[in-house]
1. For a Förster distance of 35 Å, can you work out the FRET efficiency between the beta-carbons of F73 and E107, rounded to the nearest 0.05?
2. Along the Cα→Cβ direction, 7 angstrom out, place labels at T146 and S9. What is the inter-label distance in nm?
3. Under 5 Å between amide hydrogens, which residues at least 5 positions from L173 or on another chain qualify, with H placed 1.01 Å from N in the peptide plane?
4. Hey, rough spin-label estimate for T138 and Y180, points 7 angstrom out along Cα→Cβ, what's it come to in nanometres?
5. What's the Cα-based Rg to Rh of segment 158-200, Rh via Kirkwood?
6. Given bins 5 angstrom wide, list per bin the percent of all Cα-Cα distances in segment 75-125, short to long.
7. How much accessible area does T174 have with a 1.4 Å probe, in Å² rounded to the nearest 10?
8. So which of K54/K132; K36/K58; K30/K96; K23/K96; K58/K196; K122/K143 end up more than 22 Å apart by C-alpha?
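The values are calculated or read from the model by the stated rules, or taken from the named source; none is laboratory data. Quick caveat: nothing in here was measured; it's all calculated off a predicted structure. Positions of Cβ are generated from backbone atoms using ideal geometry, with glycine treated the same way; all protein chains shown enter the neighbour counts. Keep in mind that these areas ignore ligands, DNA and RNA; they rest on the heavy atoms of the full protein, side chains included. Shrake-Rupley method; radii C 1.70, N 1.55, O 1.52, S 1.80 Å.
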Amino acid sequence: METVKAIYSARLTGNQFLYNEFKVVCNLIKHGLNKKDAADKIINENLFEYRSFKAINKHIGAVWERANYLDDFLIDMVLTESNEIGRLINFYAILKYDRLFLEFMEEVLVDKIYSRQMELTKSDISNYFSVKAEQSETVANFKETTLKRLRLAYFEVLSGAGYINSDRDNAELTIPLGIYQITGHLEEIGDKRYAKAMLG
């Protein structure tokens with residue numbers, strides 16, 4: 001499978017969980033549409049059910065990229081299994097899409113759950129960004145407003161996938177049961193790193 005992107009980014013601030021949009025795009029890919037035709041259909045039929053075209057254009061690229069990390073098996077699962085499973089596959093695609101968030105799962109969340117520290121706080125995420133700022137000039141140059149939006153995005157993504165019980169500043173951690181329907185396949189296709197990051 002595809003290797004991890006080398007560049008850290010803050011792009012989750014503008015493109016957070018987006019599960020309904022992700023499912024729409026998976027369906028269009030399943031029907032053989034390319035990116036341009038899919039975008040035209042989404043806009044012309046307002047398949048995202050947004051109030052403005054500006055919002056549609058803002059998210060199409062991100063959701064298309066995420067959905068294209070999936071193989072046929074995972075796309076079929078998104079379209080046929082429960083929303084719980086679909087949301088976890090979307091979460092996997094976000095890990096593929098965003099290196100900074102992938103490493104957050106690996107370096108913070110996995111360690112917390114394995115050591116039975118079952119709470120995620122605003123400070124946990126802030127401390128992670130501080131560590132990354134020492135390692136990366138890109139992260140060091142993030143403005144405080146960007147870091148604040150990223151913290152909110154991380155809570156929102158984790159809540160959307162079922163890893164926390166709230167998207168507030170302090171949240172109880174849990175392991176979504178549905179991950180085991182996905183992580184075995186990820187290991188088979190060579191994405192063991194992502195399976196482990198999902199706590200599989």
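1. Calculated value: 0.75.
2. 1.2 nm
3. Here the answer is E119, L120, since their amide H atoms fall under 5 Å of that of L173.
4. With each label point 7 Å from Cα toward Cβ, the separation is 3.6 nm.
5. My calculation of the ratio gives 1.07.
6. Result returned by the calculation: 5, 18, 20, 18, 20, 12, 6, 1.
7. The accessible area comes out at roughly 60 Å².
8. Among K54/K132; K36/K58; K30/K96; K23/K96; K58/K196; K122/K143, the Cα-Cα distance tops 22 Å for K54/K132; K58/K196.
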